[in-house]
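J.: Sharing a structure below in structure tokens format, with a few things to ask.
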Amino acid sequence: MYVARESTKLWRRVCAETTAELQLLFEKWQLLLAGLVFQYIHGLAARGVHYLHRPGPLLQDLGFMALPELGQEKGYLSESLFTFIFISFFLWSFHPFVYHSKRFYTVLLWRRVLAFLVASQFLRIMTFYSTQLPGPNYHCREGSKLATLPPPNNALEVLLINFPRGVLFGCGDLIFSSHMIFTLVFVRTYHKYGSNRYTVNLVVFFVDKKLPEMPDRTNGLSLLPVNTKDKDGRMKEELHKLEKDGRMMDEFHKLLNGNTVDATDWRQRVQINGKHGEDTNHTVSDATPTGT
């Protein structure tokens, strides 16, 4: 019975979240689609620079000197680690469909993530086309058949980018690492929306300032009003609360500073309610000049 009851709750939660996310998807699909299309453009650019790659002696690098090479037999460890990070972040981004506590909408999260990726990948394309270095990977070294590509026979060969082999065995797109872009964006996004820790890099900081902040769902407020009338009514209510709180804080500061409040203002506020308490009458009588 417990399992059946919890399963029903989970199913209702998934259905409600799916409805809300679909409404957001219908409104925000343009940037999502543009981000996905740019992933292909980025792969196409990386494939194109491979035709320009020329193998050569390995460049001296402190990182390569400090860390030993994994070797061709253990090369899968690097891809396995990246795959683990990618899948973990992807699954975590959909946890609002399952968990009761929610801090973000999945559609808005991926909209922001894709914006970060597009900006970083655009800079990456500009960099590796302007600065071409010999690849240090085993398939990019001198003597490897994959180090250089023969000229394409037709445009279709370039447009298909030889997926997935062309993506896994690319050369020439060194500065800066695409794996590192994805990893930093995923980790930074999780640190911001998954915990209280916060890390910043230049590209993410710039794009984050340009995009509007995502609404926090912990207060239970919905981002999707039923209609414009409800939305306008809700805004007027919030403005009224802020105005009321501002007047109360002003009076409170006057009392703390020892300033007296104008008697006319007291009479106006008291008579609005139509009732006079003992303390209120005493205050009014004290504030009223003798003989009136």
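The values are calculated or read from the model by the stated rules, or taken from the named source; none is laboratory data. Here the structure is a predicted model, which is why all the values come from computation and not from measurement. Every residue, glycine as well, gets a Cβ built from its backbone with ideal geometry; the counts of neighbours run over all protein chains shown. What goes into the accessible areas is simple: the full protein's heavy atoms, side chains included, and nothing from ligands, DNA or RNA. Shrake-Rupley method; radii C 1.70, N 1.55, O 1.52, S 1.80 Å.
J.: Once fully extended, how much extra length lies between LEU70 and GLU243, figured as 0.36 nm per residue of separation less the alpha-carbon to alpha-carbon distance?
T.: 55.8 nm
J.: Let me ask something else. Top to bottom by accessible area (1.4 Å), largest first, where do PHE205, PHE38, PHE116 land?
T.: Ranking PHE205, PHE38, PHE116 by accessible area, largest first, yields PHE205, PHE38, PHE116.
J.: Given the protein chains as shown and a 1.4 Å probe, how many square angstrom of TYR138 are accessible, to the nearest 10?
T.: My reading of the accessible area for TYR138 is about 70 Å².
J.: Mind giving me the FRET efficiency for PHE205 and GLN39? R0 is 22 Å, r the Cβ-Cβ distance, nearest 0.05 is fine.
T.: 0.50
J.: Could you please put HIS95, HIS100, HIS53 in sequence from largest to smallest accessible area, using a 1.4 Å probe? The partial results should precede the final answer.
T.: Details: HIS95 40, HIS100 150, HIS53 5 Å².
Final ranking, largest accessible area leading: HIS100, HIS95, HIS53.
J.: Right, another one. Order CYS140, CYS15 by their accessible area, 1.4 angstrom probe, all chains in place, largest first.
T.: I get CYS15, CYS140, largest accessible area first.
J.: Rounded to two decimals, what is the ratio between the C-alpha radius of gyration of segment 63-162 and 2.2 N^0.38 Å?
T.: After normalising by residue count via 2.2 N^0.38 Å, the value is 1.52.
J.: How many Å² of accessible area per residue for segment 58-126, probe 1.4 Å?
T.: 64 Å²
J.: Next question, about the same structure. From the backbone phi of segment 38-53, what are the Karplus-calculated ³J(HN,Hα) couplings (6.51 cos²θ - 1.76 cosθ + 1.60, θ = phi - 60°) in whole Hz, Gly and Pro given as x?
T.: 5, 5, 5, 4, 5, x, 5, 5, 5, 5, x, 6, 5, 5, 8, 5
J.: Tell me, what % of the accessible area of segment 112-170 is carbon and sulfur with a 1.4 angstrom probe?
T.: Solvent-exposed carbon and sulfur of segment 112-170 make up 66 percent of the total.
J.: From the P(r) of segment 1-103, could you give the percentage of C-alpha pairs in the tail past 17 Å? Mind showing how you got there, number by number?
T.: On the way: 4062 of 5253 pairs.
Counting pairs separated by more than 17 Å, the tail of P(r) holds 77 percent.
J.: Tell me, what HN-Hα J-couplings in whole Hz come from the Karplus equation 6.51 cos²θ - 1.76 cosθ + 1.60 at θ = phi - 60° for each residue of segment 4-15, using x for Gly and Pro?
T.: Coupling constants for segment 4-15: 5, 5, 5, 5, 5, 4, 5, 5, 5, 5, 5, 5 Hz.
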